[in-house]
Structures are given as C-alpha cells and as structure tokens.
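What follows is a short report on a single structure.
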Amino acid sequence: MATISKSPLFFALLLYSLSCLAGLRVEIQPSPVFVGETAQLQLISDDESPRLTGKPPQIAGLQWTGGPYQQQSTQIVNFKRTFTATTTYQFTVSRTGSFTLPPLEVRLGNKTVR
C-alpha cells in the first residue's frame, strides 16, 4: 500500500483524438499514482470492446506489468439495454514526476482510431 510520504504522479493524457470519439473513455486508476504502486490504464467503450493495436508505449519510469484484461457488462433496466466494455493494462511507476502518454491506436470493432 502506498504511503503519504511518496510523491504523487499525475498523468497528462494526450489522447485528445480519442476523447473526441463518442463512446470511448480513457482513464488512469487510481489517481494520483504513487511510486511502486500498481495502477491501470483503462479503455472504456459503450459500443465495442476497445484494444490497443500494438503494445503499450515505452515510457521512462513506467513499466507495463499486465494486460490486456477485458471485461464486458450488459444491463437491462426498464427494457433499456446498456453495454460497457473495458480493456485494462496494468503498470507500475519507478520515479516521481509527470508522465505523458503519446497518442495510442485503439481498435474498436472494425475501426482503428488514433
């Protein structure tokens, strides 16, 4: 478990092109992330199962440790169907500071989005 004495890491997501796409969200959990703590990059879609087209990007001070892990859920409330698909990639950080993810290519069904 992370302690308060560790400096928090804040992630600047330069995924503006992905955020413009309806139905796709990119999240880092937890936020902030502490040195040595396991965190997750989550790609969340309301339409299709999202997946990176390649490996996660190499970033100094960040090590990818797991994934992709996929989860899907469907809810029906008052005859209205809601679908959510999440793909998770796990990582740990080895130093304090800010990290920037470069643009990612994500596969959504038969579409590729950058």
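The values are calculated or read from the model by the stated rules, or taken from the named source; none is laboratory data. Since this is a predicted model, take the numbers as computed values, not measurements. Neighbour counts run over all protein chains shown; Cβ positions are idealised from the backbone, glycine included. Ligands, DNA and RNA are stripped out before the accessible areas are found, and what is left, the full protein with its side chains, is counted by its heavy atoms. Shrake-Rupley method; radii C 1.70, N 1.55, O 1.52, S 1.80 Å.
Calculate how large, on average over all directions, the projected area of the Cα convex hull of the stretch 23-78 is; give the answer in nm² to one decimal.
Mean orientational projected area (the stretch 23-78, Cα hull): 5.3 nm².
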Sulfur and carbon atoms: percent of accessible area, the stretch 35-114 [1.4 Å]:
44
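So, for the stretch 26-114, what is the accessible surface per residue at a probe of 1.4 Å, expressed in square angstrom?
That works out to 60 Å² for each residue.
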How do 66-74, 103-111 rank on mean C-beta neighbours within 10 Å, highest first?
103-111, 66-74
